[in-house]
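Written out below as structure tokens is the structure these notes cover.
What follows is calculated from the coordinates using simple rules that are stated; it is not laboratory data. Just so you know, these numbers come straight off a predicted model, no measurement behind them. Note that each Cβ is placed from the backbone with ideal geometry, even for glycine, and that neighbours are counted across all protein chains shown.
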């Protein structure tokens, strides 16, 4: 029953937040959407019975930066919104923009759509994300490009790393643990339980591998994969967030 309640709450909160985002157009378009996202994320996690444990909060970058995380289920976005106390914006698949209320909410909150089927448009989207970051936002990318089926990392795509290089941004790797066990890859029916998030130290995109994209990609991949492979989280600042 709780799994169905969480799915209904997800849909209802999307509708509420879309309305709040339209209202936010007349106010602070940076802070208010962040507040709206946290209402949606916290409400969904609470309805689903999901608790968060976060490690490495001392590694947060509050200036212009690019966060990169693994991706396994619908839980990942609300979990990251609640776990990372920054003005987080996401890069999302353009097709999601056509979903009623969901697409409207993401557009109004300043998310950046990307058309992966069109290389030229994808590059324009990354440039747009770079401009958003320069305005003081922290942008999050799921470099796998889709959700994993088994919790193991898929190959990272290069687009986000090119953005980091061109805009001279630090990359903050993030690892999400247990997401695929609590929620299926394409499901809104989630089990209650604890989801763990590890925020790793920032990586300087300008110095790793003497400026080589492949070396930067390899280091970020290795960092994100570490806790998944070890099945343990590193020590560091941690807190349990009751959504």
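A crude spin-label estimate for the pair residue 189 and residue 58, with each label 7 Å from Cα along the Cβ direction, gives 4.4 nm. Packing, taken as the mean count of other beta carbons within 10 Å per residue, orders the peptides 137-145, 72-80, 166-174 from highest to lowest as 72-80, 137-145, 166-174.
Between rounded, prolate and oblate, where does the range 124-236 land on the alpha carbon gyration tensor, with a ≥ b ≥ c its root eigenvalues, rounded for a/c under 1.5, else prolate if a/b exceeds b/c?
Prolate.
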